[in-house]
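Read the structure below first, then the notes.
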């Protein structure tokens, strides 16, 4: 059951780009969930999942002796859901805003600028695995919101 949770329904076991696969699954689940729950509920749910994930990651890392295994993608789910929950997504704009949030999240998660990279390098255990993606999700949500503002102002 732990592996199902940490790999987000085994998407993290993808032989190529497990983080991207986990992010795609998280995006799909997030878009579906947003049809039924408010963005603020998704935001809180992402942090609840993060708290559970920190404990489960700590146990998993003790068992396998490896920090931040590529198959663990629950951090991508939390980050993606945070980005979706703060970007201003609605049922009307979700089909173009969700892909923008996905792209920004992957950019911040891969590039790891500023504090995101410092968390990734310096924080160990479950908080180290989850922390950089939580901050990447916040940055992606803010960047998506800014992009949405510019699209609304100059394009739509």
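Read-outs throughout are calculated quantities, based only on the coordinates presented, and are distinct from any laboratory measurement. Keep in mind that what you see is a predicted model, and the values were worked out from it rather than measured. Cβ coordinates were reconstructed from backbone atoms using ideal geometry, including for glycine residues, and neighbour counts include every protein chain displayed.
Helix 125-154 against the longest principal axis of the chain: what's the angle in degrees, Cα atoms only, rounded to the nearest 10? Taking Cα atoms only, the helix is inclined about 10 degrees. The slack between residue 3 and residue 90, meaning 0.36 nm per residue of separation minus the straight C-alpha distance, is 28.1 nm.
Computed from Cα positions, the angle between helix 39-64 and the longest principal axis of the chain comes to roughly 20 degrees. Helix 18-33 and the long axis of the chain differ in direction by around 50°, with both axes built from C-alpha atoms. Relative to one another, the C-alpha centroids of region 1-62 and region 131-147 are positioned 16 Å apart.
Quick check for you: which residues of region 86-119 have the amide N under 16 Å from the point 7 Å beyond the Cα of residue 47 toward its beta carbon? The answer is 86-87, whose backbone nitrogens lie closer than 16 Å to the label point.
In angstrom, the C-alpha Rg and Dmax of region 2-154 are 14.8, 53.
Spin-label pair residue 68-residue 38: with each label point 7 Å from Cα along the Cα-Cβ axis, the two points sit 3.5 nm from one another. What spacing in nm lies between the two simple spin-label points modelled at residue 150 and residue 13, each 7 Å away from Cα in the Cβ direction? Once both label points are built, they end up 4.1 nm from each other.
From the Cα gyration tensor of region 28-72, with a ≥ b ≥ c the square roots of its eigenvalues, which class applies: rounded if a/c is under 1.5, or else prolate if a/b is larger than b/c, or else oblate? Here region 28-72 falls in the prolate category.
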